[in-house]
1. Once the piece of chain linking residue 377 and residue 158 is laid out straight, how much longer is it, given 0.36 nm per residue of separation minus the C-alpha distance between them?
2. How do 166, 23, 472 stack up against each other in accessible area, from largest to smallest, with a 1.4 angstrom probe?
3. Would you please give the FRET efficiency between residue 174 and residue 457, computed as 1/(1 + (r/R0)^6) with r the Cβ-Cβ distance and R0 = 45 Å, to the nearest 0.05?
4. Spin-label point model (7 Å from Cα, Cβ direction): what's the residue 250 to residue 209 distance in nm?
5. Based on the Cβ-Cβ distance of residue 295 and residue 43, what FRET efficiency does E = 1/(1 + (r/R0)^6) give at R0 = 35 Å, to the nearest 0.05?
6. As an exercise, use a Förster radius of 25 Å and the Cβ-Cβ distance of residue 33 and residue 111 to find the FRET efficiency, rounded to the nearest 0.05.
Amino acid sequence: MVHAVYARQSVEKKNSLSIEGQIELCEKTAGEQLKVYKDRGYSGKNTDRPSFQALLRDIRAGKIDKLYVYRLDRFSRSVADFGSLWEILQANHVEFVSVNENFDTSTPMGRAMLHIIMVFAQLERETTAERVRDNYYRRAALGSWPGGPAPFGFDVGRSHARDGRIVPTLVPNESAPVVVRIFEAYAEDGASLGSVAKMLNREGIASSHRSTWDNVALSRVLHSPVYVMADEQVYLHYKSLGANVTSPPEDFDYIHGALLVGKRDRAQKKYTDIKDHALSILNSPGIVPAALWLTCQNKLMHNHQLGNNGKGTHTWLTGLLKCGNCGYSLKVCKDRTTRRLICSGRYNLSKCSATVRINLDELEQEVRQCIEKMLAQCPDQPAPLPEKDDTKAALEELDRRADRLMDAFAESEDLSPAYLQRALARLEQERQALLEEKKRRSSQLVLPEKLVFSELSFEEKKVVVTQFIRRIDVYEDQAEICWNV
């Protein structure tokens, strides 16, 4: 068995036991010579100590059976840190002895003491997390940047808070014009997250965390209120979504940005449900005009609700084909004689290693045969295919936003009738735009009563396949069809 001793001293003081004295007392208790690990000049709050890390590596390698320390604070100053370190010791079957506290995990009393320490460790973790969270929310409510890396287009600087203190703030940097360009490009007719990402990547513009842009990174920028020059319409926008707006309406002065804080479901990557989130005005300026920012918000919400069946012209399976390796959409590249499938995750982002070799003609033939079999099993007078009424869902969401606005008006003394009237007028404009779009699409495409798939036009085939198929996961030389039926 290999027994070890760990000794630490941050500063040599007259009333402080030296490292040599700690080692001597531990060896006297152990009754044998111990393998020594010692750190001189390091605080117990810092776990990144050279010999301490070497000790942990040897413990994980199974080289240590029992560890002695003169006192618990020589090993760790934090109860929470000690709890984490004990888990490492326990996982590697290492007994622990503190000479000064008469603490030995090889005895029943020592193990009982350990359980008490672990309870306090858990309490300290939870208390610390709650204190950090409350402090974060308080700083946000006061308008200062609450902490963490600055959003793309900003640096963290210092400025005067409302109470006169010097606090962190956001300062626009050289990437701020790129942010404005992202909003302008996305607001254009026909633009999508993918097309904007491709534009930025083609021009070699790096994002904040990596060299390329993708839909997730762009969506994070476009959803963020830190960029908006917040005005009364932004105030009403968040009120209609059910957010807790902590700043009064007069603070929305078309100068400053805003901060939305709250817990988000990262697994689902959803930005729309913000009922439990808090919005406050920052002490830093916005850089995107409110009208442009709101245009992008409406487009993002409608994209989520309306979806996208694809605008491709090379296959009627456009919008359904996904890379089985990374999940990104597959793009069809056509030359004079062939059509090839390329993963957009590899083509745009260089983040996927998949090579798709499946024959698109054969895949279309297989899908065609499957759908024709389904249609053949229908009665002679089939019921019409259920219309995928995405516009209905969008209209219902507008109704919910109007209801939330009315509720906010009833409960808030700060919300004036003029504010409410302008917000409802904006929602009505969105409603009319949706109805016009639905009317336009209905006039462009009329399906026959009796469907014969091979006789349908290209656009009609796209409509039909989206009724039957949710997605097609394409691997190197095979595909898996996920049916809706």
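1. Values: separation 219, 0.36 × 219 = 78.84 nm, distance 7.02 nm.
Contour length minus the Cα-Cα distance gives 71.8 nm.
2. On the way: 166 90, 23 25, 472 0 Å².
Order by accessible area, largest first: 166, 23, 472.
3. Using R0 = 45 Å, I get an efficiency of 0.35.
4. Spacing of the two 7 Å Cα→Cβ label points: 4.0 nm.
5. Working: r = 52 Å, r/R0 = 1.50.
Computed FRET efficiency for residue 295 and residue 43 comes out at 0.10.
6. Numbers: r = 27 Å, r/R0 = 1.07.
Once the sixth-power term is evaluated, E becomes 0.40.
The values are calculated or read from the model by the stated rules, or taken from the named source; none is laboratory data. None of the values given here were measured: they were computed from a predicted structure. Using ideal geometry, Cβ is built from the backbone for each residue, glycine included, and neighbour counts are taken over all protein chains shown. With ligands, DNA and RNA removed, areas are computed over all heavy atoms of the protein, side chains included. Shrake-Rupley method; radii C 1.70, N 1.55, O 1.52, S 1.80 Å.
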